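All of the numbers you see were taken from the coordinates with simple rules; none came from a lab. Since the model is a prediction, treat every value here as computed from it, not as a measurement. Positions of Cβ are backbone-derived with ideal geometry, glycine not excepted, and every protein chain shown enters the neighbour counts.
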Amino acid sequence: MGLSKFAARPIDAVGTRLSQTGSWIACCLGRGKHAPLSERDVAQLVDEVGGSSFAGGTFVFRRGDPAARVHILRSGMLELSREINGRRVALQILQPGDVFGDVPALLGEPEPFDARALEDCTVLSLEASALFTLLQTRPRVAQRWFVSLAERTAGFQNRLVDLLAGGLESQLASILVRMSDERGDVRLTHDHLAEMVGAPRSSIQRVLKSLESAGLIEIGYRRIHLLDAGGLLSLCGEADKATPE
């Protein structure tokens, strides 16, 4: 009797973990009412996914590696970057729920960027071949995955706006608005911002102090709080747009 109860606990724990992971994956692959997955879809997807932990500063993969797996960031923060003329440039900062690595896998090309953990991360991964099978046999999985892909493409377009926003002040204003959470907080260090715009850290500090003096932001420890998102948007010519997502 005691042995049976003891054995049941880890099974229940695993079942709960898989259920939670499946629901989380289903939520990550679409927004709102976009193509809700069936329980069978979620069960098959969870069955194919394995998780790995990465310490801050380590790499999930390096540029040029075969794109054999597709990844979903479960926790932590991660950057897609590459070295250009001896300087590391961050193309995108990923947050929990973001999918990465599927585009080169679908194209059959090597990884175009380094994926580096900015802090301790947990990453869920599945083999590219398993993804192809899921997309071929589960229309709802395919629909939600492509909605996710479309949303990420829009994100890259916004990132292009950041890079073309004009001077350093405009670029930082655009990044801060787009990377802020629902509380108006941005969890990026000065070093992260420097990598994203390809500017020296000292220049980042100078511009952030100027924005703080203007009453647009408040600088804290490993956190920047937006006080006036509309004012920041006006610096990059987007004051007439609705509040950013």
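With a cut-off of 14 Å on the backbone N, no residue of the range 72-88 is near the modelled label site 7 Å out from A55 along Cα-Cβ. For the range 147-160, putting each phi into the Karplus relation 6.51 cos²θ - 1.76 cosθ + 1.60 with θ = phi - 60° gives couplings of 5, 4, 5, 5, 5, 6, 4, 4, x, 5, 5, 5, 5, 5 Hz, in residue order, rounded to whole numbers and with x for Gly and Pro. With the simple model of a label 7 Å out from the Cα in the direction of the Cβ, R87 to R63 spans 1.4 nm. Close amide H pairs (under 5 Å, H built 1.01 Å from N) link A90 with M196, G198, residues at least 5 positions away or on another chain.
In this structure the amide hydrogen of D120, modeled in the peptide plane, comes within under 5 Å of the amide hydrogens of G56, none closer than 5 places in sequence on its chain.
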